[in-house]
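K.L.:
Structure incoming, see below.
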Amino acid sequence: MTGVYPYHVGLQHNVIMGSQPNFLPSKYTLLPQRLKKRGYTSHMVGKWHLGFCNWSYTPTYRGFDSFLGYYQGAEDYYTHKIALGYDFRFNKEVYKNTKGEYSTNTFERRAVEIISSHNASQSPLFLYLPFQAVHSPVEVPKHYEDMYPNVVNKERRKYCGMVTALDDAVGRIMKALDTEGFLDNAVVIFTTDNGGLPMEGGNNYPLRGQKATLWEGGTRGPAFVYSKTLLKKTGYVNNGLMHIVDWNPTIQAIAGSPPEDGQDGVNQWDMISEGTESARKEFVYNFDNIANNGAIRVGDYKLIMGNAGRGGWYPPPTVSDWKWMDNPDFRSWEELTEVFADEIMARINISSTQYQLFNVKEDPTEHVDLAPTETAILKRMIVKMKDLQKSQVPAVFPPPDPKGNPLFHGGIWTPGWC
């Protein structure tokens, strides 16, 4: 939404929690606000999670003409409850008209409604659609789960069903775009926001680590871009460096907006549409002053400072490769790492030093720590990291505020208390 690194905003430590008075500061002009200056109508459907303790931090106050979705994170897909309260809105109003409908279907239906009712002759359309799927809790209609009877692990079986339900929803949205004549002048971007969580059915094999870590398994994500008319090169894979902050200036460029000052993101439209080289040579994974860790990428090299998080290699969840798939007592992917710990540790080199260095082009699975041997490169990377850290805005992670407790608001998570 900002094109700015989280560590420059002060939100780099953790997600915004329930009644915690934390939020994306209003001083930042968000992507829909920028696009509004270009004449766009902007709609949001899905997950916000950028703060809601004051109305001014919610979607319809930050550039979106409409909002259907929820303010927080891991809520129930059917009941829209998280912890002690209900969290689902249409614009500002509490919305209870879904009648137990699976949220993927709710969001698809709203997206199709927006597309079908939009008058393109009056304004171009920006639709931001952060689906809840495939985030935990792992829930899906049974007929989707039943499509994967060969997947023994229950969480993985449901996860596969969640992905298929999402695929179907995206397919119907694409059909609506085509039916309404939008595809002749549209760009569709589909991207993940982080790596999978193995204990919740996800998998990042052969990459190391998982969601909420600095390893490639937690941070390297796939995406695709589709356009019927606006891509000069199609049907290819681009592995150029790109950070999620780049989407903001890239989308602005597609819309005809000039570059803006103060952003960490760079316009990558030439790389995407023509297959040219990336517009960046380096990026920051994160700096977290509370966890005292961080990581940067410069060229082919990645430097990690401190604890990068749980760093196992989680095997692919196939049926035949691993005997544990036939074990009905298997409870979590975390147990798997412990079971095979001796075998894994015998094949890899893990450094316990403060800094770890990897050539992630030659070694994307981060098996070989080069810090003990490539001392000249290590020193240069440390100097670079310390220079980048100077601009860090200290992370703020305030305690929960009792005033935000939904028990004081009729069982509803609501703004207006900070």
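Read-outs: derived from the displayed coordinates by stated rules, not from any lab. All values derive from a computational prediction rather than experimental measurement. So basically every Cβ, Gly included, is an ideal-geometry build from the backbone, and we count neighbours across all protein chains shown.
K.L.:
Of the peptides 101-113, 15-27, how do they stack up when ordered by the mean number of other Cβ atoms within 10 Å, highest first?
P.N.:
Top to bottom by mean Cβ count within 10 Å: 101-113, 15-27.
K.L.:
Run the numbers on the stretch 81-236 and let me know its relative contact order in percent, using alpha-carbon pairs under 8 Å that are six or more apart.
P.N.:
18
K.L.:
Also: What Cys residues in the chain are without a partner cysteine, judged by a Cβ distance under 4.7 Å?
P.N.:
Cys with no partner Cβ under 4.7 Å: C160.
K.L.:
Remind me, relative contact order of the chain in percent, using alpha carbon pairs under 8 angstrom and six or more residues apart?
P.N.:
20
K.L.:
Just to be sure I understand the curve: with the Debye formula and one point per C-alpha of the chain, what is log10 I(q)/I(0) at q = 0.06, 0.10 Å⁻¹?
P.N.:
Results for the chain at q = 0.06, 0.10 Å⁻¹ read -0.26, -0.77.
K.L.:
Which peptide among 399-405, 412-418 comes first, and what is the full order, when sorted by highest mean count of other Cβ atoms within 10 Å?
P.N.:
412-418, 399-405
K.L.:
Given contacts defined as C-alpha pairs under 8 Å and at least six residues apart, what's the relative contact order of the stretch 57-147, whole-number percent?
P.N.:
Worked out over the stretch 57-147, it gives 26 percent.
K.L.:
Helix-only mean residue ellipticity at 222 nm, the chain, DSSP H runs n ≥ 4 weighted -39,500 (n - 2.57), per residue, nearest 500. What is it?
P.N.:
-7000 deg cm²/dmol
K.L.:
A further question follows. Sorted by mean Cβ packing within 10 Å, highest first, what order do the peptides 154-166, 368-380, 280-292 take?
P.N.:
154-166, 280-292, 368-380
K.L.:
Which one of V151, T98, V163 has its Cα pushed farthest toward the positive end of the charge dipole of the stretch 82-167, where Lys and Arg give +1 and Asp and Glu give -1 at the Cβ?
P.N.:
T98
K.L.:
Right, next: Could you give the distance between the Cα centres of the stretch 375-407 and the stretch 126-186, to the whole Å?
P.N.:
About 34 Å separates the Cα centre of the stretch 375-407 from the one of the stretch 126-186.
K.L.:
Which one of N203, V368, F67 is farthest out on the positive end of the charge dipole of the chain, using unit charges on Cβ (Lys, Arg +1; Asp, Glu -1) and the Cα centre as origin?
P.N.:
Projecting each Cα onto the dipole axis, the largest value belongs to F67.
K.L.:
Another question, if that's okay. Taking the Cα centroid of the stretch 248-262 and of the stretch 264-291, what is the distance between the two, rounded to the nearest whole Å?
P.N.:
14
K.L.:
Here is a further query. In the chain, what % of DSSP beta bridges are antiparallel (nearest 5)?
P.N.:
Rounded to the nearest five, the antiparallel share is 70 percent.
K.L.:
According to the square roots a ≥ b ≥ c of the eigenvalues of the Cα gyration tensor, what is the shape class of the stretch 1-134, taking rounded for a/c under 1.5, prolate for a/b larger than b/c otherwise, and oblate for the remainder?
P.N.:
Judged from the Cα gyration tensor, the stretch 1-134 comes out oblate (a/c at least 1.5, b/c at or above a/b).
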